[in-house]
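Everything on this sheet refers to the single structure shown next.
The values are calculated or read from the model by the stated rules, or taken from the named source; none is laboratory data. On a predicted model such as this, the values are computed, not experimentally measured, just so you know. Backbone-built Cβ (ideal geometry, glycine too); neighbour counts: all protein chains shown.
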Amino acid sequence: MYETQYHRASSVQDAVSRMEAAGEGKYVSGGMTLIPTMKQRLAAPSDLIDLRHIAEMQGISVNGRSVRIGAATTHDEVASAAALKAVCPAICHLAGHIGDPHVRHMGTIGGSIANNDPAADYPAAVLALGATIVTNRREIAADDFFTGLFETALEDSEIITAITFDAPAKAAYQKFANPASRYAMAGVFVAKRDNGEVRVAVTGAGANGVFRQMDMEAALAANWSPDALATVSVDATDLLSDLHADAAYRANLVKVMAKRAVAAA
Amino acid sequence: MGVEGIGARVARKEDKRFLTGKGRYTDDMSVPGMKYAVFVRSPHAHAKILKVDASAAKGMPGVIDVLDGKQILADGIGNLICGWMIHSKDGSPMKMGAWRPLAHETVRYVGDAVAIVVADSVAEARDAAEAVVVDYQELPVVIDASKAIEAGQPQLHPEAPNNLIFDWQIGDETATDKAIATAAHVTEVTIHNNRLSPNPMEPRAALGIYDAGDDHYTCYTTSQNPHVARLVMSAFYNVAPENKLRVIAPDVGGGFGSKIYIYPEEIVCLWASKRTGVPVKWTSDRTEAFLTDAHGRDHVSTVKMAFDASNRIIGLKVDTIANLGAYMSLFSSAVPTYLYATLLSGQYDIPAIHANVRTVYTNTAPVDAYRGAGRPEATYLLERTMETAARELGVSPAELRRVNFIRSFPHQTPVIMNYDAGDYEASLDAAMQAADWNGFAARKAEAANRGMKRGIGMSCYIEACGIAPSAAVGSLGAGVGLWESAEVRVNAVGTIEVLTGSHSHGQGHETTFAQLVADRFGVPLDSVNIVHGDTDKVQMGMGTYGSRSGAVGMSAVVKALDKVEAKAKKIAAHLMEADESDIVIENGELKVAGTDKSVPWFQMALAAYTAHNLPSGMEPGLKEGAFYDPANFTFPAGCYICEVEVDPDTGRTKIVQFVAADDFGNIINPMIVEGQVHGGIAQGIGQALLESVHYDASGQLLTASYMDYAMPRADDLPSFQVSTSNTPCPNNPLGIKGCGEAGAIGSPPALINAITDAIGNNALTMPATPQKVWAAAHAAK
Ligand SMILES: Cc1cc2nc3c(=O)[nH]c(=O)nc-3n(C[C@H](O)[C@H](O)[C@H](O)COP(=O)(O)OP(=O)(O)OC[C@H]3O[C@@H](n4cnc5c(N)ncnc54)[C@H](O)[C@@H]3O)c2cc1C
């Protein structure tokens, strides 16, 4: 790791000012992605501005079906939040299957979404739930947020402060883990709203990161059952091929995980 | 056996230290004035070094010096060597290319060391290492061994045309060809044995300390055999004569073979300590470990197995290409030859065997012994072939094996080994019963109802351990003898120190070696200390690998205990005015048999040291040493059965049961033996399902972290059902065979046989990743 200057921000405003004053600053939240990158000397921020101690970015609130998760909330807090589990158990299940206990006690939803790793789990939930990403400057719809591999709509020094969404009628997430990293090799989040709208988001498989599988959405909107997916063919063209899985196999996994998610929802 | 003696399930003495974080590993060692080293490593798989410019790096904060390959050459430090001479079938010696501790002309794999930076802190050393400018001229790369020996490929070493190190054979080719020509059936398969990274929990490390006052070196290092390290560094690398070089291998956190070898880093740290005048410590990070720890396996073989009309094997012909990487590591030549092809008879009575082995240089990390070393490759090849043959012949896999088992001992195979004892059918029966083999059809049907494909597979392995009779290995090319030494020191108050040349890096010697003493003298385990891993304390030893510490190391202890016992009895007889032959040792007392006379152990010991009243002419003191050279290899064997369920939709394999029935001869501590078997099976399952080293075509290592190199985790493994049977080894005093590698040797074929059974497609290579199993299952439809 290269030398860096650590700051503990006390408020969102404080964090922004420190960032703007820094040469090559970076926000750090759980540090579960950023710190390993720094240790490998692939990132060299002059300043690290810690967001985890900002009160307004903490915690989960559930109001009827409306949910707000502070960006600095850890995966473990999401996994074990009873009020959230009551309205949207799928996201708790997802959070409970990220990494290992150490990672879940440090890593945060804001960090995961800001990082937009193509194999991360949360982006699938955010996209399928049609969530809103709340920042210190604006509100961004999930559909507009994830713009490519490790790319998001965030601007320089912009901070995600919270994620908000309305709990769906039914939802589930199924992930086929990479045998080595245990990140998603294909992860599918399905969500159905009271009005019948269905969203299906796929992570781990797309060559350009998380995406919505519209054919599946249409099929499931017409008939919410695993069998409805039997006739949907998943195009492997824009899927990832790597050491662990080629595009054709990922296409298969997307379908299998989608069916299992619908069955589990 | 007593509660702490031979055969007792004694909890490991060393675990208190390990489990409470009180272990002392090389990286924990700190000496005054110590500085930190970082190596500058080649980013290219093959390149000429045009220039190393360290001028900027030397001026950076905290930097003490930067040293390169030209300097180490000028100082006369020698090439790294392979210590086992193999001759090709044309009689020519193996073609060993030069391996410099720091490359100065050519780098041959990604990670090859080029320079060392010594600085006040690791961070400063890293910063400076980045500032060392190495001007490379890239050369073409070859990573695949089969391709590397073809014409027109990139050449690694001028000494080895077409990258061929040796072309060796064993067995009778004419007889084997004849058997194949007259066979009722010939099974032909191609077998790939995947390249593995050893992954000990503790990465390699070295601390080199040069004392200018005494012109003396001390090296703390992560070694499985510190005495061999000292011998090789003195005799071949010209680091320092033995009397001026102390090598200490303190607590070592796993080795699996990878810490047998002497690597560039320990040599360079010692040399750099003299050059810089400060103690120099280097600790590998995990990526460096993936890049530079010697890898294991990487064979491709074609096999022909010939059967007569009654399904008896009449001949076996094997052609193997073994990838040895960019340089020949210390024992690399022995692994695909005498540790491999000599085991190709397996548990079977095969009249004719011929194996041809070509070893090859490629632009990859050096390959050497990894848990099992050659024997897993032989077992996988044989047991996959047997399974394939059983399917082709339409007979049950158990029956095909039964028909071919060796049933009388000793048995001379056509490939050197002379098996001394065994009962292969006993392990097969035990395993089949434990696995409820006969109930499999019902379980398969039940799984099918759930949409799962269930399969079952077996593997009957044999291995040669207790390496090895020195004269025998000497005649086969070994540069060292493979005996072991021991010294038993009884202190004046009766406590006992056992010095051994074996080295414990997870095996539990501090417990099991002490059990021998507790068993012999009835003294408490707590009064016995095991001393190992320091060339200043233990005079000489050959170290721990090849499951040799029990069969060879303990045998040396037994020999020394015999001498101690004889002298102790003489002293006690004298003290009690009894006849020496009437003295028995029980519960910490020396008694006169049939009387109530006794002397406590400690009192006898005190008498030995006060020397006031010893038999006339007897020397004071009680300390005896012994060297033990084994009479033969030992032959652990067993049967493993694996049952799996494959999810046809995803190709994911779940192991639903795993049975191991082993014959290890006599057992000192069943709990430790079970631990060894569990760990070995976990590694075997790792090889079969998960692990594989991948280089891309340019020689970049794609699996350089745990993000891409899949290690087995608890949830990948079932609860193992292990049991042992016992045909004691007739060739060593304890009747021990060895258990350290069996799990890793026997398990991979059982797993692949089970998966191929489940999916109905025999064409599957390791690791059986979900993607491969899914594709194979679909191809079978
Ligand atoms: C061993 C291991 C296993 C893992 N397994 C999984 C897995 O299975 N699935 C999975 O999804 N993830 C996995 N992860 C990643 C983990 O979930 C991370 O916690 C997460 O990706 C990043 O969150 P973080 O809070 O740690 O962010 P950090 O590492 O602190 O930051 C990541 C990036 O986001 C930026 N950032 C952080 N917070 C904000 C914010 N509020 N606003 C704007 N930018 C911000 C940072 O500047 C940085 O660029 C794993 C990580 C590890 C180490």
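A:VAL62 fulfils the conditions (1) closer than 27 Å to A:VAL198 by Cα; (2) more than 17 Å from the chain's Cα centre (by Cα); (3) within 12 Å of the ligand (Cβ to nearest atom) except for a single criterion, (3). Just for segment B:145-193: of the residues that are assigned to a helix (DSSP H, G or I), in contact with a strand residue (DSSP E or B) (Cβ under 7 Å, 6 or more places away or on another chain) and β-branched (Val, Ile, Thr), which one is nearest to B:ALA373 (Cα to Cα)? Filtering segment B:145-193 for residues that are assigned to a helix (DSSP H, G or I), in contact with a strand residue (DSSP E or B) (Cβ under 7 Å, 6 or more places away or on another chain) and β-branched (Val, Ile, Thr), the one nearest to B:ALA373 (Cα to Cα) comes out as B:THR176. Residues in segment A:176-202 that are crowded, with 21+ Cβ neighbours inside 10 Å and near the ligand (Cβ under 8 Å from one of its atoms): A:ALA184 alone. Scan segment A:81-92 and give yes if some residue there is free of Cβ contacts under 8 Å to residues at least 24 places away in the same chain, surrounded by fewer than 19 Cβ atoms within 10 Å (Cβ to Cβ) and within 9 Å of the ligand (Cβ to nearest atom), otherwise no. No. A:ALA114: near the ligand (Cβ under 7 Å from one of its atoms), under 17 Å from A:ILE160 (Cα atoms) and out of contact with any helix residue (DSSP H, G or I) (no Cβ under 8 Å at 6 or more places or on another chain), yes or no? Yes.
The single condition among (1) assigned to a loop (DSSP other than H, G, I, E, B); (2) under 18 Å from A:ILE98 (Cα atoms); (3) more than 14 Å from chain B (Cβ to nearest Cβ) that A:THR237 does not meet is (2).
For first residues located in segment B:742-758 and more than 14 Å from B:LEU196 (Cβ to Cβ), partners that are of a type in the set (Ser, Thr, Tyr) and crowded, with 24+ Cβ neighbours inside 10 Å and lie 6+ apart or on another chain with Cβ distances below 6 Å form the pairs B:GLY746/B:SER459; B:GLY746/B:TYR461; B:GLY746/B:TYR640; B:PRO749/B:TYR380; B:PRO749/B:SER459; B:ALA750/B:SER459; B:ALA750/B:TYR640; B:ILE755/B:THR653. Restricting B:VAL107, B:VAL52 to residues that are aliphatic (A, V, I, L, M) and either out of contact with any Ser or Thr (no Cβ under 8 Å at 6 or more places or on another chain) or free of Cβ contacts under 8 Å to residues at least 12 places away in the same chain (or both) narrows the list to B:VAL52. In segment B:590-610, the residues that are of a type in the set (Val, Ile, Thr) reach residues that are part of a loop (DSSP other than H, G, I, E, B) with C-beta atoms within less than 9 angstrom, at least six apart or across chains, in these pairs: B:VAL592/B:MET576; B:VAL592/B:ALA578; B:VAL592/B:ASP579; B:THR595/B:MET576; B:THR595/B:ALA578; B:VAL599/B:MET576; B:THR610/B:ALA492; B:THR610/B:PRO620.
Checked against (1) modelled with pLDDT of 95 or more; (2) assigned to a helix (DSSP H, G or I), B:ALA779 passes all but condition (1). Residue pairs whose Cβ atoms lie under 8 Å apart, separated by 6 or more positions or on different chains, with the first residue in segment A:150-162 and closer than 12 Å to A:ILE109 by Cα and the second assigned to a loop (DSSP other than H, G, I, E, B), are A:ILE160/A:ALA71; A:ILE160/A:LEU154; A:THR161/A:ALA71; A:THR161/A:ASN136; A:ALA162/A:ALA71. No other residue among A:ALA119, A:ALA125 is within 11 Å of the ligand (Cβ to nearest atom), within 14 Å of chain B (Cβ to nearest Cβ), of a type in the set (Gly, Ala, Ser) and touching a strand residue (DSSP E or B) at 6+ places or on another chain (Cβ under 6 Å) apart from A:ALA119.
A:ILE35 fulfils the conditions (1) within 9 Å of the ligand (Cβ to nearest atom); (2) in contact with a strand residue (DSSP E or B) (Cβ under 6 Å, 6 or more places away or on another chain); (3) outside any loop (DSSP other than H, G, I, E, B) except for a single criterion, (2). Contact map, segment A:100-112: first residue touching a residue at least 12 places away in the same chain (Cβ under 8 Å) and away from chain B (no Cβ under 14 Å), second residue charged (D, E, K, R) and within 6 Å of the ligand (Cβ to nearest atom), Cβ cut-off under 7 Å, separation 6 or more or different chains; the map is empty.
The listed residues are A:GLN213, A:GLN174, and the only one of them that is away from chain B (no Cβ under 13 Å) and touching a strand residue (DSSP E or B) at 6+ places or on another chain (Cβ under 7 Å) turns out to be A:GLN213. Counting residues in segment A:22-30 that are within 11 Å of the ligand (Cβ to nearest atom), modelled with pLDDT of 95 or more and of a type in the set (D, E, K, R) gives one or more. Give the residue that is surrounded by the fewest Cβ atoms within 10 Å (Cβ to Cβ), with candidates limited to residues of segment B:632-664 that are assigned to a loop (DSSP other than H, G, I, E, B) and within 21 Å of the chain's Cα centre (by Cα). Per the criteria, the residue is B:ASN632.
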